[in-house]
Amino acid sequence: MPEPGKTSRFEFPPELRSLLKRRLQDGIFDLDFTGPQSAKHLVESLGIPHTEISHILVNSESRSLDHLVQDGDCIQVFSQAANKANIEGSTAEPRFVLDGHLGRLTAYLRMLGLDCQYRNNFSDPELVQISINEGRILLTRDRRLLMHKTIQHGCLLRSLDPEVQFIEIIQRYSLKSWIKPFQRCLLCNYELQDVEKEAVLERLQPLTIQYFDEFRLCPGCNQIYWKGSHYERMLKRIEKAGRIVDDVHLEPPTGS
């Protein structure tokens, strides 16, 4: 005899409602289902990866996403993006791994000195393994990728615009204390080292030799950085983050 259907009520906060189907975007609705279903499975069936959820309440009591939802349960879902307390309390420097279509965002985050693993042809299994093995936060616009059951830390980017994505990440994670502008290679992620001008002189253009005296070198790809034409543009991009980075020291030289 077929198992009778079940119905549970779901309540989603404003931060998550845009991820739901249009007809559900008021955020409060009844969901019909059959069989044993975990809260994780039901929430992800609605299009919301578990990485976007900080916690849930079932009938006003805290439960894990593994909770088997019962007929008549009321599930209140809370957004990870709004849950600043557990992020601010962390003493570990956040590290990221980025999906292949996020090259521009990678450069912006590295510009702030943040540790970002990136390759434009990472496969989904590679991204998952890097995130798990190295404890990195997976950044992507791929919902299905973040629904992988072994992913613990990830972020579903809402915008297609790299500059908006940049602000999304700074706002979602408490990055202010970790920002060290112009300390990391934008191309390969290595930390930059100061280098004497004479050591790189033969690689410099005449005008660069004439107008610049402070240089940094990437030990990974040998890229040279100085306060060149990109410097002011990068400063403005950092300042665009507004109050979040308004007291960060911006002196170290970079640019090319």
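Some observations on this one:
- Enumeration of residues in region 182-196 that are at pLDDT 95 or above and more than 19 Å from ARG119 (Cα to Cα): LEU192, GLN193, ASP194, VAL195, GLU196
- Residue check, LYS180 touching a Phe, Trp or Tyr at 6+ places or on another chain (Cβ under 7 Å), touching a residue at least 12 places away in the same chain (Cβ under 8 Å) and surrounded by fewer than 17 Cβ atoms within 10 Å (Cβ to Cβ): no
- Looking at region 155-213, none of the helices (runs of 4 or more DSSP H) lying wholly inside it contains 2 or more residues that are in the same structural domain as MET234 (by TED's automatic domain parsing), under 26 Å from the mean Cα position of the chain (by Cα) and not small (Gly, Ala, Ser).
- Qualifying residues in region 74-95 (those that are within 13 Å of the chain's Cα centre (by Cα) and under 30 Å from GLY27 (Cα atoms)) - the one modelled with the lowest pLDDT: ILE87
- Scanning region 127-167 for residues that are without any contact (Cβ under 8 Å) to a residue 12 or more places away in the chain and surrounded by 14 or more Cβ atoms within 10 Å (Cβ to Cβ) yields a count of 1.
The values are calculated or read from the model by the stated rules, or taken from the named source; none is laboratory data. Here the structure is a predicted model, which means the values were calculated and not measured. Neighbour counts are summed over all protein chains in view; Cβ atoms, including those assigned to glycine, are modelled from backbone coordinates with ideal geometry.
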